[in-house]
Amino acid sequence: MARAIYPGTFDPVTRGHVDIVERASHAVDHLTVGVVEVSSKRTLFDLDERITMFTDAVAHLSNVSVQSYSGLTVNAAREIGATVIIRGLRITSDFEYESEMALMNRRMAEDVETICLFSALEYQILSSSRVKEVAALGADVSDLVPTNVWQPLVERLAVKRNGSQK
């Protein structure tokens, strides 16, 4: 078996992310969730908050760790001794993006393989962006995020909403 990295921004971590980690953890010796430090995305939670939320959400998995990284995912994989990058596939548009990314990663690091897991049916339309969007509009997203994420998400969105009304 191998070591793997599951990279992403995870802002916030969703039940779909946890599902991918749980399933991938059965296929590898060790899985590192790589939380990207700098992203083109504007995050609601800072890096330490995202790491803590994901760490708490996967605490029940003994062969999973969570850490930050910056730069290229293939370089982060090599730094931790991972030979596999785990990615989750949801809807059809994910396939195009993920296949392009996998081919580019393969070009940069032939020794690092990308493995895509299909999201569970109930998570096919779930994304961190969508969760934030509907939660900001008042929808109950408690069943879409881990228990430890729901309250901080609601509180952060309330602060953001109140701050923008001034």
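Taken together, the values in this text are just the output of simple stated rules run on the coordinates, not laboratory data. Note that this is a predicted model, so its numbers are computed, not measured. Cβ atoms come from the backbone with ideal geometry, glycine included; neighbour counts cover every protein chain shown.
At a glance:
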read-out	value
Sorted by Cβ density within 10 Å, fewest first, the residues 60, 17, 30	60, 30, 17
Among 129, 108, 93 - extreme Cα towards positive end, dipole of the chain, charges at beta-carbon	129
Cα long-axis angle, helix 15-25 against the chain (0 to 90 degrees, to the nearest 10)	20 degrees
Cleavage-rule hits, GluC sites (Glu not before Pro), the range 7-90, DSSP coil, Cβ neighbours within 10 Å at most 15	37
Listed residues 73, 92, 52, most fluctuating in the chain (Gaussian network, C-alpha, under 10 Å)	92
Distance histogram for the range 3-164 (every C-alpha pair counted, 5 angstrom bins, percent rounded to whole numbers)	2, 9, 18, 21, 22, 15, 8, 4, 1, 0
Relative contact order (percent, whole number), the range 3-164, Cα cutoff 8 Å, 6+ residue spacing	29 percent
Which of 125, 5 has the fewest Cβ neighbours within 10 Å, and the rest in rising order	125, 5
Compactness of the range 18-98 as Cα Rg over 2.2 N^0.38 Å, two decimals	1.12
Length-normalised contact order of the range 47-138 in % [C-alpha pairs under 8 Å, at least 6 apart]	25 percent
